[in-house]
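Asker: Dumping the structure here so I can ask a few things about it.
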Amino acid sequence: MFGFKTESLFGQTKQLEREIDQFVDILSEVGLVFKSIVSLYLNNGNSDKFDGMVEQVRGMESKADKITKEVERTLYEETLIPDARSDVLRLLEHMDELIGMYQGNCYHFSIQKPDFPKEFHRDLISLCETVVNCVESLCLTVRSFFRDTKSVRDDAHKVTFYEKESDIQFSSLARKIFDSKLPLDQKMHLRYFVEKIDRICDQAEDIADEIQIYAIKRSI
Amino acid sequence: MDLTIIVFLLGGLFLGWSLGANDAANVFGTAVGTRMIRFQTAAIVCGIFVILGAVISGAGTTETLGKLGSINALPGAFAACVAAGLAVYLMTKFGLPVSTTQAIVGAIVGWNIYTGSSTNIQVLITIISTWVLCPIIAGLIAMFLFTITKRILRYNTLHILRLDAYTRLLLLLAGAFGAYSLGANNIANVMGVFVPISPFTDINIMNILYLSSAGQLFLLGGIAIAVGVVTYSKKVMLTVGSDLLRLSPVAAFIVVISHSIVLFVFASQGISNFLNSINLPSIPLVPVSSSQAIVGAIIGIGILKGGKEVKWGIAGRIALGWFILPVIAALIAFLSLFVLQNIFNQTISF
């Protein structure tokens, strides 16, 4: 009526809600797959299963890209959430970068094949778990931003907690690597991997900080 | 119909156009300013509902305005309308949401002074007091609704997109209600001075469609307002929507609904009769300023937010316009009556 497409507006809204939920699901799932990939690599090295899982991450990243573009197009074409549109789009872009970081790490394992001695396995897996927990908390924060802004602060606090935890684990592991008898080039190579994994938490924390600001802006 | 009658009616239609360009922007200004509703959609809905309000519920406020000064010759009514219209047009040029109500009241008082007719001071005081009350009531309603809405939203887990969709729908409904109330309340400004001297005869088609001569004037006036909305209101809409205070879409809805309630209450014979029936003092049916209502509501919300976000400079400029406008309208009316009487030899009063 009068150029105001009520039915299609609500249809579009539900579709967009589903897509944003799906996007957050992907971020969460990529983390879980990444954790399995690292364990698998440490136990079996490069295997067919490992390659399959890396391919799975690539597929997820590409799906997330498609969703970001679709959400961006719909938000602008239908002039939806004019007051929060730029915040939402920036949020999706930064989350997409996070998925990209997971994917990058997977590729680096696959291409560079780092040789982690057994003594570091437990610490590396533990670091990966903390990183995944951190991103999981970020996913909760994002969902809260869309549905329940009063919970954003609590959820964002968990992200900060895991980020600090990850920093401690990173420092400890890096110290162990450099205290070991490994040759310097291998030490540098391993440190590079540990640092790249830890950076995921830094990015997650930055996004959580942004969300807290967006949530304040969302108050009526 | 005599051609001169049509020419004189054009004065009212011009005022209607001014009202559409200026006051009607208040109804959808916040929605368009916050980009929640497209201007085109707002203009069409506003136009239709303004006409409906004018034709269905426009009689109450017209009666009150008639008591202020009964202009009894068509050229006199023409001059009053042109004066008010010109005054509003000048202020609109500066992007200020001024009030047609104050312009027409200034013009009628100008006519009274020029013709030596007495101004009904009691009615004038009632009208002016509603000007003061109107933004205060709108502000209080907005504060109440804002507090309630904030509380509801706090405990609700609506997705941001769903909330956005509902807000758009509510803004459209509130805008339609606001446009209806504006038509009902402000049609008196446009056509009120013509009612006692209406050139039309009642129309009755097989007892199905009945339109009194006043009703036909209201229909014409309503159409003029609608044309004003479509052709010239965009600039003021954007001023109201974003310049005074940055509003969230939900706050924009609260502003529009608060404004609409005030205009409806001051135009509703039903509410007035109901209050009378339960022995409460009835509300005077007075054409109030939609600009004042909207500014009152926006400032009410601004105060709740701590008052820091309200751009008081713009609010002050708008308030200044309220004082200047009736004076300018009275002066222009005085001047145009002089010209009509002495240059065009028109009878401006009996």
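The values are calculated or read from the model by the stated rules, or taken from the named source; none is laboratory data. Predicted model, so just to flag it, every value in this text is computed and none were measured. Virtual Cβ from ideal backbone geometry, glycine too; neighbours counted across all protein chains shown. Areas reflect the complete protein model, heavy atoms only, side chains present, ligands, DNA and RNA absent. Shrake-Rupley method; radii C 1.70, N 1.55, O 1.52, S 1.80 Å.
Asker: With respect to A:Ile67, is the statement that it is out of contact with any Ser or Thr (no Cβ under 6 Å at 6 or more places or on another chain), closer than 27 Å to A:Glu129 by Cα, more than 13 Å from chain B (Cβ to nearest Cβ) and surrounded by fewer than 16 Cβ atoms within 10 Å (Cβ to Cβ) true? If you could, list the steps in order and put the result at the bottom.
Answerer: Working: out of contact with any Ser or Thr (no Cβ under 6 Å at 6 or more places or on another chain): yes; closer than 27 Å to A:Glu129 by Cα: yes; more than 13 Å from chain B (Cβ to nearest Cβ): yes; surrounded by fewer than 16 Cβ atoms within 10 Å (Cβ to Cβ): no.
No.
Asker: Are any residues in region B:99-122 open to solvent by 20 Å² or more (accessible area, probe 1.4 Å) and either assigned to a helix (DSSP H, G or I) or closer than 16 Å to B:Phe338 by Cβ (or both), and if so, which ones?
Answerer: Within region B:99-122, B:Val109, B:Ile113, B:Tyr114, B:Thr115, B:Gly116, B:Ser117, B:Ile121, B:Gln122 qualify.
Asker: Still on this structure, I have one more. Look through A:Ile197, A:Ile211, A:Ile207 and report the one residue that is within 30 Å of A:Leu91 (Cα to Cα), surrounded by 15 or more Cβ atoms within 10 Å (Cβ to Cβ) and either in contact with a Cys (Cβ under 8 Å, 6 or more places away or on another chain) or of a type in the set (D, E, K, R) (or both).
Answerer: Working: A:Ile211 fails: either in contact with a Cys (Cβ under 8 Å, 6 or more places away or on another chain) or of a type in the set (D, E, K, R) (or both); A:Ile207 fails: either in contact with a Cys (Cβ under 8 Å, 6 or more places away or on another chain) or of a type in the set (D, E, K, R) (or both).
Being within 30 Å of A:Leu91 (Cα to Cα), surrounded by 15 or more Cβ atoms within 10 Å (Cβ to Cβ) and either in contact with a Cys (Cβ under 8 Å, 6 or more places away or on another chain) or of a type in the set (D, E, K, R) (or both) holds for just one of A:Ile197, A:Ile211, A:Ile207, which is A:Ile197.
Asker: Between B:Leu3, B:Leu19, which is open to solvent by 10 Å² or more (accessible area, probe 1.4 Å) and not small (Gly, Ala, Ser)?
Answerer: Result: B:Leu3 is the single residue among B:Leu3, B:Leu19 that is open to solvent by 10 Å² or more (accessible area, probe 1.4 Å) and not small (Gly, Ala, Ser).
Asker: On to the next question. For the condition closer than 24 Å to B:Lys93 by Cβ, surrounded by 18 or more Cβ atoms within 10 Å (Cβ to Cβ) and of a type in the set (A, V, I, L, M, F, W, C), what is the one hit in B:Val265, B:Val250, B:Val256, B:Val288?
Answerer: Result of the check over B:Val265, B:Val250, B:Val256, B:Val288: B:Val288.
Asker: List, please: which pairs have Cβ atoms under 6 Å, are six or more places apart or on different chains, and start with a residue in region B:214-233 that is outside any helix (DSSP H, G or I) and end with one that is open to solvent by less than 60 Å² (accessible area, probe 1.4 Å)?
Answerer: Matching pairs, first to second residue: B:Ser233/B:Ala21; B:Ser233/B:Ala24; B:Ser233/B:Ala25.
Asker: Now a separate question. Which condition breaks for A:Phe109 when tested against (1) in a helix (DSSP H, G or I); (2) surrounded by fewer than 18 Cβ atoms within 10 Å (Cβ to Cβ); (3) more than 13 Å from the chain's Cα centre (by Cα); (4) not aliphatic (A, V, I, L, M)?
Answerer: Checking A:Phe109 against (1) in a helix (DSSP H, G or I); (2) surrounded by fewer than 18 Cβ atoms within 10 Å (Cβ to Cβ); (3) more than 13 Å from the chain's Cα centre (by Cα); (4) not aliphatic (A, V, I, L, M), the one that fails is (2).
One line per residue, one yes/no per condition, for (1) part of a helix (DSSP H, G or I); (2) open to solvent by less than 30 Å² (accessible area, probe 1.4 Å); (3) within 14 Å of chain B (Cβ to nearest Cβ):
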| position | (1), (2), (3) |
| --- | --- |
| A:Pro114 | no, yes, no |
| A:Phe120 | yes, yes, no |
| A:Asn133 | yes, no, no |
| A:Ser137 | yes, yes, no |
| A:Leu140 | yes, no, yes |
| A:Phe145 | yes, yes, yes |
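Asker: I would also like to ask the following. I'd like the residue in region B:154-194 that is free of Cβ contacts under 8 Å to residues at least 60 places away in the same chain and of a type in the set (D, E, K, R) and, out of all such residues, is nearest to B:Val82 (Cα to Cα).
Answerer: Here the answer is B:Arg162.
Asker: Further question on the same structure: Being surrounded by fewer than 15 Cβ atoms within 10 Å (Cβ to Cβ) and within 11 Å of chain A (Cβ to nearest Cβ) narrows it down to one residue among B:Ile125, B:Ile152, B:Ile160; which is it?
Answerer: Result: B:Ile152 is the single residue among B:Ile125, B:Ile152, B:Ile160 that is surrounded by fewer than 15 Cβ atoms within 10 Å (Cβ to Cβ) and within 11 Å of chain A (Cβ to nearest Cβ).
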